[in-house]
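Novice: This is the structure I want to talk about, given as structure tokens.
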Amino acid sequence: MQSEEYQGKDRDKGLLEAALFLAAKPLSRTKAAKILGDVSLTYVDCLLDELQEGLAAPGHGIELHREEGKALLQVKRGYIDAVAHLAPHQDIPRPVLRSLAVIAYNHPMTQADLVKARGNKAYGHVQELIERGLVRAKEHGRTLLLHVTDEFLRYFGLSSIEEFRFHIELPSPESETDITKP
């Protein structure tokens, strides 16, 4: 029979896991402490350590990611391709995704340059991407300077924008020549 203290810790770890699962954004240690009934941050760290260790074991499709005092559950890299179509942002229309790819590849870039590359509909794309938290904009003269956000990196399982660029395959000059041959 487990002691009451251990049952309490198991309950708290389960509650923390549930909170991480439902949280739309990374959960801060302070917020986690409040959810658990105003417990100490040391106790939260202990629970996060145990949760992270448990999920790291083979057979788990998710992992606990911690950064800058915040934590979130994410799909392990080995499973992303098989389940990515189930992700919440799958409702992003293809033209908007294309504009996001242009922004990410040229990060940071001006909205004026995006509109030159993608057309006037890009204004609406930018607004949608800002609302979804994937892009942020700062005034830059008479236009906006567009940056991808940490939410963009988290959503696509990237640690940096350079990692995104590394995965982009640009057509080689030979392949363009091959396409134009009869």
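We did not get these values from a lab; they are worked out from the coordinates using the rules stated. As the structure is a computational prediction, the values presented were derived from the model and not from experiment. In this analysis, Cβ positions are derived from the backbone assuming ideal geometry, glycine residues included, and neighbour counts consider all displayed protein chains.
Novice: Based on the inverse mean of 1/r over its pairs of different Cα atoms, what is the Kirkwood hydrodynamic radius of the range 87-170, in Å?
Specialist: 12.8 Å
Novice: Please list, by residue number, every one of the GluC sites (Glu not before Pro) in the range 27-74 that is coil in DSSP and has at most 14 other beta-carbon atoms within 10 Å.
Specialist: Glu68
Novice: Over 27 Å between Cα atoms, which of Lys70/Lys121; Lys116/Lys138; Lys9/Lys31; Lys25/Lys116 qualify?
Specialist: Lys70/Lys121; Lys25/Lys116
Novice: Counting pairs of Cα atoms in the chain, how many percent are more than 25 Å apart?
Specialist: Tail fraction, whole percent: 50.
Novice: I would also like to ask the following. So if we plug the beta-carbon distance of Glu53 and Leu145 into 1/(1 + (r/R0)^6) with R0 = 45 Å, what FRET efficiency do we get, rounded to 0.05?
Specialist: Step by step, r from the Cβ atoms, then E = 0.60.
Novice: Still on this structure, please answer the following. For labels at Cys46 and Lys34 in the simple 7 Å Cα→Cβ model, what's the distance in nm?
Specialist: 2.3 nm
Novice: Simple spin-label model, 7 Å along Cα-to-Cβ: Ile161 to Ile62 in nm?
Specialist: 3.0 nm
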